[in-house]
Amino acid sequence: LKLYLEDEDLSLHVVIDCSASSDTGDPNKFLFMQRAAAAMGYIGLVNLTRVTMPAMGDRDDGSGIVGTLRDLRGRRRLHDLAGFLCGLEPKGSFSFRNAAERIALSRRGKGVMLVFSDFFFKDGFEEGLRRLVGHGYDVFCIQVLSPQEIDPPIPGDLRLRDVEDNDSAEVTVSAPLLKRYKANLAAYCKSLEQFCTQRDMQLMTVRSDTPVDTLVLDYLRRKGVVK
């Protein structure tokens, strides 16, 4: 009688938001996401975990997926991972729901999924996250916000333009308006947190000026993503 113990083949999916809204802030949010995705991908590769990296972005067919790096394993594939990330260009907008559906349908087996985004989607985050939750995957949402989004230093008369669809509005930024903006942002982030908590997903909100090693070795280690 022979007994066999089969190690489960776990996957790491690292999802990155390539919309125009991610390409804002100082430090730039998209650059932070690229670095964080590269760090997590490297950890997966050196530990012989199967790494897949979908990029969500503006595409003519409406799928919301501008590219996917599939089933990398081993440190030799680090060059492929870095080349893929460096070749991404954030622009336009996309349907998070459509992108999440494509990603969910392409998953195999079990594993961990990290979603790097600001989660500022015109169609909302709810339907997309509903499609990603479960099915053998632990989902961690990393919401990346710039310091300027958290505390805008922009008093006076301004014309604001949406970087994704070019909608514009003229506003006078005053102290009461800034206070209301911060309250709305806090409420939005709280609703995202509650949505994730109710569905056994974990949310981390980080500033784009956070050192990547702090995110990986501190925040994600405390969440159990990195050991």
LYS179: which lysines have alpha carbons under 27 Å from its alpha carbon, excluding same-chain residues fewer than 8 sequence positions away? LYS29, LYS122, LYS190
With both partners inside the chain, how many of the DSSP beta bridges are antiparallel, as a percent to the nearest 5? 30
Any idea what diffusion coefficient the chain gets from Stokes-Einstein, in µm²/s, Kirkwood Rh on alpha carbon pairs, 37 °C, 0.692 mPa s? 177
Once you treat every alpha carbon in the range 1-120 as an equal point and sum by Debye, what is log10 I(q)/I(0) at q = 0.15, 0.20 Å⁻¹? -0.65, -1.08
Gain in length, ASP218 to CYS86, computed as 0.36 nm per residue apart minus the alpha-carbon separation, to one decimal in nm? 45.0 nm
Given R₀ = 25 Å, what would the calculated FRET efficiency be for VAL46 paired with THR210, taking r from the Cβ atoms and rounding to 0.05? 0.65
Determine the share of the chain's accessible area contributed by carbon and sulfur atoms, expressed in whole percent, with a 1.4 angstrom probe. 50
Taking H as built 1.01 Å from N, whose amide H comes closer than 5 Å to the amide H of VAL139, not counting residues under 5 places away? MET113, GLY134, GLN202
Positive minus negative residues near SER19 (Lys, Arg vs Asp, Glu; Cβ under 9 Å): -4
What nm distance separates the two modelled labels at GLU126 and LEU105, each placed 7 Å from Cα along Cα→Cβ? 2.3
Where Lys and Arg each count +1 and Asp and Glu each count -1, what net charge lies around GLN143 among other residues with Cβ under 15 Å from its Cβ? -2
Between the alpha carbon centres of the range 53-128 and the range 164-227 the gap in Å comes to 19
If each K or R counts +1 and each D or E counts -1, the residues other than LEU178 whose Cβ falls under 15 Å of its Cβ total 0
For the range 1-107, which GluC sites (Glu not before Pro) pass both filters: DSSP loop (anything but H, G, I, E, B) and at most 10 other C-beta atoms within 10 Å? GLU6, GLU8
Roll a 1.4 Å probe over the protein chains and send me the accessible area per residue for the range 136-227 in Å². 61
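The values are calculated or read from the model by the stated rules, or taken from the named source; none is laboratory data. Because the structure is predicted, anything quoted here is derived from the model rather than measured. Positions of Cβ are generated from backbone atoms using ideal geometry, with glycine treated the same way; all protein chains shown enter the neighbour counts. Please note that ligands, DNA and RNA were not included when accessible areas were found on the heavy atoms of the full protein model with its side chains. Shrake-Rupley method; radii C 1.70, N 1.55, O 1.52, S 1.80 Å.
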